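Below is one structure; the comments refer to it alone.
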Amino acid sequence: MPSISSARHARVYHHASDLPAEVWRALLQNEAAANVILPFASKALHVPRGGDEQLWIALYGETNNVEFVLSCTRGPLGNYPIFIVPSKSSVQIAQEEKRGKNIADSLLPLVLCLLQEVPPQRVFSVFSIAKVTEKFAEIFESHTHQEYGIQALQDPYYDATFTFCTSETLKRASDSISSLPGSEDVAISLRPADMSHFTGIKAMCKAFSETSVSTAAYVVRIWIVMNILWQQPPFVLDDEGADLEARMLIANEQAWVHVVEKEGQEPEIASLVATTRESDNVTAVTKVFTAEHWRGRGCAARLLHRVCQE
């Protein structure tokens, strides 16, 4: 049975099978926005109980509606960030703030509840829409800085825009799939990866992780909270982590490769596209990476289009 924290309207669940119907409805009503939580929660239903790999917190509003769902979970590569999925869009949240609703009134119970359940050092990263991450990090710092010396980075560590396509909006591919511009002597193929591609995928996973500090538009943010100097930046894979991730992507049939081949030479992976977090109607593209010397020739666009068709 779930425990109810002393924080107002915050309810704690230690296994996905404990999540009540209203929490699942809040996640399913916007499958794309809930993609960072929903697929993992669905898989976690079948994970045996025990350990500390799952923690879910649902925040209920004044009318007992679910306002936020927070996950604090662990995967094969280690601890995941804190993911927070609001039941409303960033536009709706902004409109409510204009009408006088303070988002901090909702996020404070989440922070207090989380601190009752895990050590503050576990909260190394928070991922949600911009307004939520910014305010959550601010509140978390105010409740941990004096005792633990934890403070949030002033600027978001990762700042990105989520976009999507559907079968109706996906355009026909305009690029030839038989040759590359400027490399007519090169044959190409777009295919699901297998273990023959392992070495190249491992190298690309590692290289991709080293680009995670780049920024884009202010829509989805990860804020880092910290009280120690990192041995290495978060989300950057070491050799062992890249090895494990590559094997998992291939075994789970989540990696696609753009292979180029010149006569008399070994085939080479020009681009990688990886998909994960698959639910009933949504699949997330989580990696798009092209080897530096193949960039500018449409490899990533060509492969991504093929993956979207699939």
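Tabulated results
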item	result
Residue ID - farthest from Arg297 (Cα to Cα), chosen from residues in region 188-209 that are in contact (Cβ under 8 Å) with a residue 24 or more places away in the chain and surrounded by fewer than 15 Cβ atoms within 10 Å (Cβ to Cβ)	Met195
Arg49 being exposed (fewer than 14 other Cβ atoms within 10 Å of the Cβ) and not β-branched (Val, Ile, Thr)	yes
Residue among Ala246, Ala203, Ala207, Ala242 that is in a helix (DSSP H, G or I), in contact with a His (Cβ under 9 Å, 6 or more places away or on another chain), at pLDDT 90 or above and closer than 28 Å to Phe127 by Cβ	Ala246
Single residue of Ala10, Ala16, Ala33 found to be crowded, with 20+ Cβ neighbours inside 10 Å, touching a Leu at 6+ places or on another chain (Cβ under 8 Å) and modelled with pLDDT under 95	Ala10
Considering residues of region 249-261 that are assigned to a loop (DSSP other than H, G, I, E, B) and in contact with a strand residue (DSSP E or B) (Cβ under 7 Å, 6 or more places away or on another chain) only, the residue surrounded by the most Cβ atoms within 10 Å (Cβ to Cβ)	Gln254
In region 62-107, the residues that are in a loop (DSSP other than H, G, I, E, B) and among the charged types (D, E, K, R)	Glu62, Lys88, Arg99, Lys101
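Residues are listed down the side, and each one gets a yes or a no for (1) within 20 Å of Lys287 (Cα to Cα); (2) touching a His at 6+ places or on another chain (Cβ under 8 Å); (3) of a type in the set (A, V, I, L, M):
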residue: Val91; (1), (2), (3): no, no, yes
residue: Ser106; (1), (2), (3): no, no, no
residue: Arg122; (1), (2), (3): no, no, no
residue: Gln146; (1), (2), (3): no, no, no
residue: Gln154; (1), (2), (3): no, no, no
residue: Thr166; (1), (2), (3): yes, no, no
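Okay, residues lined up against (1) touching a residue at least 24 places away in the same chain (Cβ under 8 Å); (2) in a helix (DSSP H, G or I); (3) farther than 20 Å from Pro109 by Cβ:
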site	(1), (2), (3)
Arg11	yes, no, no
Trp24	no, yes, yes
Leu27	yes, yes, no
Glu31	yes, no, yes
Val36	yes, no, yes
Pro39	yes, yes, yes
His46	no, no, yes
Gly51	no, no, yes
Ile57	yes, no, no
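The values are calculated or read from the model by the stated rules, or taken from the named source; none is laboratory data. If you're wondering where the values come from, they're calculated on a predicted model, not measured in any experiment. Note that we place each Cβ from the backbone using ideal geometry, even for glycine, and neighbour counts take in every protein chain shown.
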